[in-house]
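Bear in mind that the values in this text are calculations on the coordinates, not laboratory data. The structure displayed is predicted, hence computed values, not measured ones. So basically every Cβ, Gly included, is an ideal-geometry build from the backbone, and we count neighbours across all protein chains shown.
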DNA sequence: CCACTGACGAGTG
DNA sequence: GCACTCGCCAGTG
């Protein structure tokens, strides 16, 4: 069967998973993709998040890359700084290299 | 319609 | 551990 995919459908699947990441925890792009039923498509998660309109309710700041670092956006680090501040406000610590200890903070859905 | 451009990560050498 | 390839989607001009 050829599954008819509506453009933007993947974005919705991704947003639905991001919305579930609890406060004080982080998830990786690859993890979000996996949970959204899009294994090995971490990049799509990045695309989906970059397409977010400002002022949305999604906790997009809880998504970091597989190395535990915040991915840069090409907006001169502005949004990256916002992201870091929000995470620190939730109690998440960064080491001197700007790395989050995933072993401690990564979200593990039941 | 085509070309280009992004919040990634696993695999390979 | 580093450099490189490749897979994959949606918006813009």
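Once you put a point 7 Å from the Cα of residue A:96 and another 7 Å from the Cα of residue A:54, both along the Cβ direction, what distance in nm separates them?
3.6 nm
Treating the angle as unsigned and between 0 and 90°, give the value, to the nearest 10°, between the Cα long axis of helix A:9-18 and the longest Cα principal axis of chain A.
30 degrees
Can you tell me how much longer the chain between residue A:106 and residue A:23 gets when fully stretched, taken as 0.36 nm per residue apart minus their C-alpha distance, in nm with one decimal?
On the way: separation 83, 0.36 × 83 = 29.88 nm, distance 1.10 nm.
So the extension gain works out to 28.8 nm.
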